Amino acid sequence: MDRLKQYIYLTRFDKPIGILLLLWPTLIALWLASDGHPSPHLFLVFCVGTVLMRAAGCAINDFADRDFDRHVKRTAARPLTAGKIKAWEAVAVAAVLALASFALIWPLNALTKQLSLAAVAIAASYPYFKRFFALPQAYLGIAFGFGIPMAFAAVQNDLPPAAWLLLAGNVFWALAYDTEYAMVDRDDDLKLGLKTSAITFGRYDVAAVMLCYAATLAITLGVGWHYGLRGWFLAGIAVALGCAVYHYYLIRGRDRMRCFKAFRHNNWLGAAVFAGVALDYFFSHT
């Protein structure tokens with residue numbers, strides 16, 4: 001039972017915020033691709049697949065960072081770093097979860113399966129980008145947003161410009177929320193020589209976060225407007241904008257715990273946009 005508990009901590013099933021940050025953009029894409037009427041089967045596939053791939057990503061991330069996490073206050077007690085599980089176990093857990101996720105999309109078209117292989121490669125390589133890339137959070141945005149083109153591929157067997165625009169918007173969103181997250185660990189990351197957007201942006205970190213929020217909301221607004229979404233969708237965007245303004249008041253003093261609170265609150269920003277999309281289709285496109 002204790003081993004199972006350690007696996008839950010390894011895969012962060014006890015912290016669902018990461019699942020939601022992947023799920024909202026994926027569901028937005030699924031709704032747009034299907035004109036607001038996704039099949040129950042695809043809805044289930046993408047929900048369960050998101051949960052599995054996020055868990056696999058956490059396991060491989062902890063494997064890659066096992067020699068760094070012990071020096072960071074927030075991560076020192078993670079199972080792999082604390083020696084409660086072995087490195088090979090983390091790799092095995094990640095592999096099993098990734099294979100289970102691939103099994104879910106096996107009945108889907110070839111394009112979706114090809115994209116899933118790319119998604120696995122991106123997720124597995126993300127932890128190593130912190131070694132050399134100045135903005136690893138941008139790469140995280142691609143990893144966290146790859147459900148977007150996969151949703152379009154699954155529904156339409158095609159990748160329209162909207163899929164890539166939404167993915168670009170997700171990169172900006174990830175830059176915003178993961179910079180807030182990186183602001184919590186900035187001192188530790190500087191000592192370890194890791195690269196993060198919080199370090200790269202320096203004293204312009206708060207301004208950069210807000211510009212990224214503006215970019216993602218502008219892109220999402222443009223795509224939704226192109227698809228004919230209006231009243232409810234605009235209300236969702238307005239609520240999301242309010243969330244972004246709230247985050248500014250949380251992070252402007254760069255207090256660690258308030259920055260972490262802003263990061264966690266991004267769930268509500270994503271939920272607001274998805275709710276706007278879903279409600280607009282339900283009330284205006286039925």
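Observations on the model:
- For region 96-198, applying the loop criterion from DSSP together with a ceiling of 12 other beta carbons within 10 Å to the chymotrypsin sites (Phe, Trp or Tyr not before Pro) yields PHE132.
- Where labels lie 7 Å past Cα in the beta-carbon direction, separation of GLN6 and ALA134 in nm: 4.1 nm
- For ALA95 and LEU117, the difference between the fully extended length at 0.36 nm per residue and the C-alpha to C-alpha distance is 6.6 nm.
- By the Cα gyration tensor, region 1-159 has an equivalent ellipsoid whose semi-axes, rounded to whole angstrom, run 29, 17, 13 from largest to smallest.
- Using a simple spin-label model with pseudo-atoms 7 Å out from Cα toward Cβ, ARG264 and HIS226 lie 3.6 nm apart.
- Computed lengthening from ASP35 to ALA103, 0.36 nm per intervening residue step minus Cα-Cα distance: 21.9 nm
- Gyration tensor (alpha-carbon) shape descriptor, region 90-210, a/c threshold 1.5: oblate
- Estimated distance in nm for a label pair at VAL48 and SER284, the labels positioned 7 Å out from Cα along Cα-to-Cβ: 3.4 nm
- Where the chain is the region considered: accessible area per residue in Å², 1.4 Å probe: 45 Å²
- Here the accessible area of the chain is 69 percent carbon and sulfur, with a 1.4 angstrom probe and all protein chains present.
- At 0.890 mPa s and 25 °C, Stokes diffusion of region 1-72 via Kirkwood alpha-carbon radius, µm² per second: 178 µm²/s
The values are calculated or read from the model by the stated rules, or taken from the named source; none is laboratory data. Please read these numbers as outputs of a predicted model, since none were measured by experiment. Positions of Cβ are generated from backbone atoms using ideal geometry, with glycine treated the same way; all protein chains shown enter the neighbour counts. Ligands, DNA and RNA are stripped out before the accessible areas are found, and what is left, the full protein with its side chains, is counted by its heavy atoms. Shrake-Rupley method; radii C 1.70, N 1.55, O 1.52, S 1.80 Å.
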